[in-house]
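Peer 1: Take this structure, written in structure tokens, and hold onto it; I'll ask about it next.
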Amino acid sequence: MSGAAGGVDGGALGHLRVLDLTSSRAAYCGKLLADLGADVIKVEPVDGDPGRREQPLFGGPEGPSLPFLYENANKRSVSLDLESDGDRDRFRALAAESDLILESLPVGTLERLGLDYPALSADHGGLVLTSVSGFGQTGPAREARSNDLIASAMGGAMTSIGDPNDPPVRLAGHQADIITASVAASASLIALHHRDRSGQGQHVDVSSLEVVTAITHIAGVGKWLEDGIIPKRVGTGLVASVPSGAYRCKDGLVYLMVNRPAHWKALADWIHEVTRNEEVLMEEFHGPSSSRLPYRELLDVFIGDLTIQLTVDEAYHEGQRRHIAFTPIHTAERIAVDPQLVDRNFFAALELENGRELMVPGAPYRPARSGWKTARRAPGIGEHDDAILDTPRKSIAPRPLQAAPEAAGKPTKGALEGLRIVEFGTGLAAPWIGRMLAWAGAEVIKVESHAFPDVPRLFVAPREPELGTQPECSPWFTDWSAGKRFVSLDLRNEDGAELCRQIIDQSDAVIANYSTGVLEKLGLGFEALAARAARKTELVMLESSGFGETGPLSHYVTWGPNIEALSGLCGFSGFPGRECTISHFAYPDPLSALHGLVALMAALLERDRSGEGQVIHLSQFETTVASIGRVIVEYAATGEEPVRLGNREPGVAPYGCFPCRGDDRWIVLCIETDEDWRGLCQVMGSPAWAMQSRFETTADRIEHQGDLESSLSAWTADQDDYVLLDACRDAGLAVGVVQNTEDMLRRDPQLAHRKFFEEIPHFKRGVVTASGIPLGLTGTPGRSTHTGSSIGHDNGAVFRDIVGLTQDEIARFVDVGVIEDAT
């Protein structure tokens, strides 16, 4: 189907109609698509989406939900009672003229209503239906209740977040829900890309458990199998970066990351200049982070002696001038006036029903040609019934299929077969995009150089350090780069840059996260590439950076934890007494990767329709602020700093993380109704403390929440976590174990049933185990074909088969160092 009356004019997805049956846990998915131009129609019950009543409420107990206003702007609304025959027929009629359906109903609901994928696709083979659930549509836990807290616990995020003296804690702003919704949006667009080529839609099955397990892979199964260490909560400092952490200034906190020898030398010189400390210059502290690990506490004292003499802005800007990754731990107030965000006009006006506006986070990425826009306030219940239910959809003539329809049903290499991507990626943010594209069938060619090896190429096996650097064997290399092809070029040489341009001439898209301006200096920026005759105008390019390509701070250096600080995420997360709570798995990196994948796929869909490519710029700072929009909108509405909630949820109790028997064993319990409370009391055997009248109703339990949590913690501390999990699930409660990496690999029957972890052929190690890719493409399941490639592993094949060089020409370029030897 094509043509979307009601979508945002001019957007990349302006040809798509999307039916949105999600509530708050997945509403962000529809927001991402609507802001890129799709006509997203919210289908809600006649009494409204329950998300309309989610706290905090704007203006009092009868006001609208602030999270709902943020996550449902740009959508239209129709109200249907899907339990009635007539309204089910109306829904089928809408589905027949739609491209995509999003749903997060309890598993089995659509099947019971006769509205599941087999039923809806029988007469509409091109339909894509994306289901978002806690555990997926199959497996022993498919019907178990879930939510943001449970996904954060079961997926391994919480086990390493927070202070060792506190319970495990989730990130603020429902990040498990947000990132799951981001996966759902990107997977939906990949499925639609395949639909446009094959004529075949599919059911996309996205599991929050799998998404969170995947995005925590830095501290995941690959690392654990390599070093045997279970990550635990260690506060604000990172194990792999010494020094790192939050440091006190005169007027607030800054976050610091040092993981390169040159960065430490610059910091040590600065400390010496200001404090006259001679000891900080000792040779023992030089070299990689590992050399400083035994001295972490001493170095923290030295750094604290420096920062306490400075304001936050002094530490930030002078540190960055010295190329040291100091960043403020922003409050909501500071975010609202941040000079980089203000210069880039990041904030957008969110319209309210009464004509008022709130300034809220704007675009998480910036497509240069097709744009991004919040053009419509969140709709009222059924506001567009007349305009939609009784009006046929206006269509735009679709672009012809890219492959013959008769190819439908034949085996493919994946949903993105035939797509070629060139990657200039370092670290995680861009390379994980390439990894997901390769898993889904694209040919991804990563350009590397021996002179500037990527971080995973510097891997030293912890159990065999005597072997030295093993560039092919890092578990993070597999996590970020399995399935790709690799070429090695000296891009500083014009011949090397020209060979790279010739690869791009034969490719569909480029993804990069080099420092701002680097590709332009090499003649590999978007304008230079798109201007080449061989490219015409169809090149799509995604450039990801910490601060964005423009603005007064665009050249500043950041890592994932710095972005958590800048965005305010680490200040909003955690318990009331903790000013900084870091994820320890570089959360902004996978978050930015998934948003980048959404933007890239949207641009490719738009190019297929219009014939025009474009460049997309993504600021990881802006992406992360957008992801905590439900927190920022609260500040915009009240002018007050959001309260740190820890694991609590407004309006319900008990809701949190409680100790169990054993070393660092925990369970999360989410009691959302009085019926839930009575069910938990039965599981506990109705102890006298739980039967007190002061705990009888939700209001009572909230009033006495501290005492309730203490009593409940004393009871759970004597329980086995998995036994209690089963008992609570049998009682129909929302519950989850705080799982670590070993638990997920060895003890989680749901992940095992769905074969989440991949066994990937490795060129040096035979087979390795890695976290899977959670895109849930059931019609075109992906796979990782290989890993363990050396730098330049595919030089011969790429330069011969794609560029068209002869063997003699390849040999000549190798001799002069333009093409670097594969090793």
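The values are calculated or read from the model by the stated rules, or taken from the named source; none is laboratory data. Treat the numbers as computed from the prediction; the structure is a model and nothing was measured. Heads up, the Cβs are rebuilt from the backbone with ideal geometry, glycines too, and the neighbour counts pull from every protein chain shown. The accessibility values were calculated without ligands, DNA or RNA, using every heavy atom of the protein model including side chains. Shrake-Rupley method; radii C 1.70, N 1.55, O 1.52, S 1.80 Å.
Peer 1: Once you put a point 7 Å from the Cα of Arg260 and another 7 Å from the Cα of Asp81, both along the Cβ direction, what distance in nm separates them?
Peer 2: Label-label distance for Arg260 and Asp81, simple model: 6.4 nm.
Peer 1: Say each of Trp689 and Tyr295 gets a label point 7 Å from the Cα, pointing the same way as Cα to Cβ; how far apart are those two points in nm?
Peer 2: Going by the 7 Å Cα→Cβ label model, 4.8 nm.
Peer 1: What FRET efficiency, computed as 1/(1 + (r/R0)^6) with R0 = 51 Å and r the Cβ-Cβ distance, is obtained for Arg53 and Asn493, rounded to the nearest 0.05?
Peer 2: Numbers: r = 62 Å, r/R0 = 1.22.
The computed FRET efficiency comes out at 0.25.
Peer 1: Which percent of Cα-Cα pairs in the range 166-268 sits in each 10 Å bin, short to long?
Peer 2: Going from the shortest bin to the longest, the percentages are 11, 25, 29, 20, 11, 3, 0.
Peer 1: On the principal axes of its Cα set, how long, how wide and how thick is the range 522-674? Give whole Å, largest value first.
Peer 2: 66, 39, 34 Å, listed from the longest principal axis down.
Peer 1: Pull out the extension gain between His555 and Ile308, defined as 0.36 nm times the separation in residues minus the alpha carbon to alpha carbon distance; nm, one decimal. Don't skip to the end; give the middle numbers.
Peer 2: Numbers: separation 247, 0.36 × 247 = 88.92 nm, distance 2.56 nm.
Contour length minus Cα-Cα distance gives 86.4 nm.
Peer 1: Okay, next question. Considering only protein heavy atoms, what per residue accessible area in square angstrom results for the chain with a 1.4 angstrom probe?
Peer 2: 36
Peer 1: Run the dipole for the range 202-358 about the Cα centre, Lys and Arg Cβ at +1, Asp and Glu Cβ at -1, nothing else charged, and hand back the magnitude in debye, nearest 20.
Peer 2: Here the size comes out at about 240 debye.
Peer 1: Quick one: putting +1 on the C-beta of Lys and Arg, -1 on the C-beta of Asp and Glu, what dipole do you get for the chain around its Cα centre, in Debye to the nearest 20?
Peer 2: With only Lys, Arg, Asp and Glu charged at Cβ, the dipole is about 1220 debye.
Peer 1: Here is a further query. Counting only the heavy atoms of the protein chains, how much of Phe763 is accessible to a 1.4 Å probe, in Å² to the nearest 10?
Peer 2: Accessible area, nearest 10 Å²: 110 Å².
Peer 1: Quote the relative contact order of the chain in percent (integer), defining contacts as alpha-carbon pairs under 8 Å separated by 6+ residues.
Peer 2: 18
Peer 1: Sticking with this structure for a sec: Report the full-extension gain for the segment Asp385 to Ala531: residue separation times 0.36 nm, less the Cα-Cα distance, to one decimal in nm.
Peer 2: Numbers: separation 146, 0.36 × 146 = 52.56 nm, distance 4.67 nm.
Full extension from Asp385 to Ala531 adds 47.9 nm.
Peer 1: Let me ask another. Can you bin every Cα-Cα distance in the range 15-104 into 5 Å intervals starting at zero and give me the percent of pairs per bin, rounded to whole numbers?
Peer 2: Percent of pairs per bin, in order: 3, 15, 24, 24, 17, 11, 5, 2, 0.
Peer 1: Highest mean first, what order results for 459-469, 173-183, 247-257, 349-359 on Cβ atoms within 10 Å?
Peer 2: 173-183, 247-257, 349-359, 459-469
Peer 1: Which ³J(HN,Hα) values in Hz, rounded to whole numbers, follow from the phi angles of the range 453-460 under the Karplus curve 6.51 cos²θ - 1.76 cosθ + 1.60, where θ = phi - 60° and Gly and Pro get x?
Peer 2: Along the range 453-460, the couplings run x, 5, 3, x, 6, 9, 5, 10 Hz.
Peer 1: Next question, about the same structure. Along Cα→Cβ, 7 Å out, is where each label goes; now give me the distance between the ones at Asp663 and Lys413 in nm to one decimal.
Peer 2: The two pseudo-label positions are separated by 4.7 nm.
Peer 1: Within the range 549-589, name every residue whose backbone N is under 20 Å away from a label modeled 7 Å from Cα of Met359 along the Cβ vector.
Peer 2: 550-554, 566-569
Peer 1: When you count, for each residue, the other Cβ atoms within 10 Å and take the mean per peptide, how do 311-322, 591-602 rank with the highest first? Intermediate values should be presented prior to the final figure.
Peer 2: Working: 311-322: 17.8, 591-602: 28.6.
Output ranking for 311-322, 591-602: 591-602, 311-322.
Peer 1: Determine the share of the chain's accessible area contributed by carbon and sulfur atoms, expressed in whole percent, with a 1.4 angstrom probe.
Peer 2: 51
Peer 1: Which lysines have a Cα less than 23 Å from the Cα of Lys764, not counting those fewer than 8 places away in the same chain?
Peer 2: Lys223, Lys446, Lys484
Peer 1: Residues of the range 325-362 with amide nitrogen under 12 Å from the 7 Å Cα-to-Cβ point of Val274?
Peer 2: In the range 325-362, the label zone of Val274 (backbone N under 12 Å from the point 7 Å along Cα→Cβ) covers 326-327.
Peer 1: Another question, then. Grab the beta carbon distance between Ile702 and Glu143, set R0 = 25 Å, and tell me the FRET efficiency rounded to 0.05.
Peer 2: Approximately 0.30, to the nearest 0.05.
Peer 1: Run down the lysines and flag those whose C-alpha is under 27 Å from the C-alpha of Lys31, throwing out any fewer than 8 positions away in its chain.
Peer 2: Once the sequence-local lysines are set aside, what remains near Lys31 is Lys42, Lys75, Lys373, Lys394.
Peer 1: Over its Cα atoms, what ratio of radius of gyration to 2.2 N^0.38 Å does the chain give?
Peer 2: Here the Cα radius of gyration is 0.93 times the empirical estimate.
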